[in-house]
Amino acid sequence: MVKPINLKELAAAAGLGLAGITGAAPLDTITERLQHRLAEGRITPFEEKDPFRRISPGHLLPDCRTIIVLGLPYTTACDPLPLSESDGPRGEVARCARGLDYHVVLEQKGEQLARLIQKEIAAPLRYRVLSDRSPLIERELARLAGLGRSGENCTLITPECGSYVALGTILLDREMEENSPLPGSCAGCGRCLASCPTGALVAPHILDPTRCLSYLTQAPGVVPAEIRPLFGRRLYGCDRCQEVCPHNRRQQPPLSPENTFDFFPGQPLLLPLLQMTGKEFSQTIGFSAAGWRGKTTLQRNAVIALGNSGDQSAVPSLARLLAEDARPLIRLHAAWALGRIAGVKARRYLEISLKREQDQAVRIELRRALDEAI
């Protein structure tokens, strides 16, 4: 074991809000839970399916002895109050996706912290810095490292920042003194479960990600028709279960330098998003954590949000997509949105499109939309 270090001081020097230390032994206690999730289909394509790889850091860094868990608050400068819609309908973006991509920030700050540790111990150090792109279960590691407690909504609730915290890890080939988990648990009030728009929180600490809007706004392809109304005006992510959490109401995390500018505003205008070019996307939303999903997925969500807005001013733009957009995915959701807004103009555009549309999936959606657009 190397000499003790002042991790809190070094983490602050690296610009990190939170850091703790836990061991690198496999998390055997949660293997059964992971296997149940897999068997019940409560897993997304974004996740590692092999339980062993999720609990064992050794395959990511041979001879891993210690894990430093990093926490980065993602409070942003966005005004949380509703903005005027005089310029057109607006969408909603989760807090984690407004500022600079936290994956990039965590990796950069983690590298800086690792170099500071190496300088402090004055010995060769093999390490690997990871953000939540890794297969490891970071929330459980963070709990063991004393960063916070497990919430019933499957988030990590920290004393300093509530649950608005992004997590990362540094795997080390040296043993270090470990922190202890915090005593107690979340409030257990059940507000998060009651507030979930889709019932994705099926029980305390049990999430069905295939019904979670945070996942569904990121998933590619056609959004199931029964889920679209539940999107509301969400473009990326969902903060509902965190917004109602009493732990978050008591906290006001400091604004980090990386989040002083919203690359993806919290309540962006929807109609301009439909016309955004690839270059415009890469220079704005592309810098945020939502950028990895690409323009098409977010424009699909914008179309759904316009349908849910019920705003007649969106009809011409949706009709233009239906007539001119080369992507069947966008045309299909534009048909649904027009049917949801309804009215004489929307119905006329749907009838015209049905006469010329060649894609069968879009044609089916057009017929359904006509049944709705009365």
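The values are calculated or read from the model by the stated rules, or taken from the named source; none is laboratory data. None of these values were measured; they are calculated from a predicted model. Neighbour counts run over all protein chains shown; Cβ positions are idealised from the backbone, glycine included. Only protein heavy atoms, including side chains, enter the accessible area calculation; ligands, DNA and RNA are left aside. Shrake-Rupley method; radii C 1.70, N 1.55, O 1.52, S 1.80 Å.
What the table shows:
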| item | result |
| --- | --- |
| Failed item, numbered, when GLN275 is tested on (1) crowded, with 20+ Cβ neighbours inside 10 Å; (2) closer than 30 Å to ARG368 by Cα; (3) modelled with pLDDT under 95; (4) not charged (D, E, K, R) | (1) |
| Failed condition for LEU182, given (1) open to solvent by 20 Å² or more (accessible area, probe 1.4 Å); (2) in a strand (DSSP E or B); (3) aliphatic (A, V, I, L, M) | (2) |
| Checking CYS96 against (1) open to solvent by 20 Å² or more (accessible area, probe 1.4 Å); (2) closer than 23 Å to ASP173 by Cα; (3) modelled with pLDDT of 90 or more; (4) not in a strand (DSSP E or B), the condition it does not meet | (2) |
| Residues within region 197-207 that are open to solvent by less than 30 Å² (accessible area, probe 1.4 Å) and not small (Gly, Ala, Ser), tallied | 2 |
| Residue that is farthest from ASN6 (Cα to Cα) [pool: residues in region 105-125 that are without any contact (Cβ under 8 Å) to a residue 24 or more places away in the chain and in a helix (DSSP H, G or I)] | GLN108 |
| Residue that is modelled with the lowest pLDDT [pool: residues in region 219-245 that are open to solvent by less than 20 Å² (accessible area, probe 1.4 Å) and outside any loop (DSSP other than H, G, I, E, B)] | GLN242 |
| Those residues of region 126-163 which are more than 20 Å from PHE46 (Cα to Cα), assigned to a loop (DSSP other than H, G, I, E, B) and in contact with a strand residue (DSSP E or B) (Cβ under 6 Å, 6 or more places away or on another chain), in sequence order | ALA145, GLY146, LEU147, GLY148, GLY151, CYS161, SER163 |
| So LEU113, is it at pLDDT 80 or above, in contact with a Ser or Thr (Cβ under 7 Å, 6 or more places away or on another chain) and either under 22 Å from GLU178 (Cα atoms) or open to solvent by less than 40 Å² (accessible area, probe 1.4 Å) (or both) | no |
| Some residue of region 156-176 being surrounded by fewer than 18 Cβ atoms within 10 Å (Cβ to Cβ) and among the polar types (S, T, N, Q) | no |
| Residue check for GLU258: open to solvent by 70 Å² or more (accessible area, probe 1.4 Å) and at pLDDT below 95 | no |
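Every residue, every condition in (1) charged (D, E, K, R); (2) under 19 Å from VAL222 (Cα atoms), yes or no:
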residue	(1), (2)
PRO268	no, no
LEU271	no, no
SER288	no, no
ALA302	no, yes
PRO316	no, no
GLY343	no, no
ARG347	yes, no
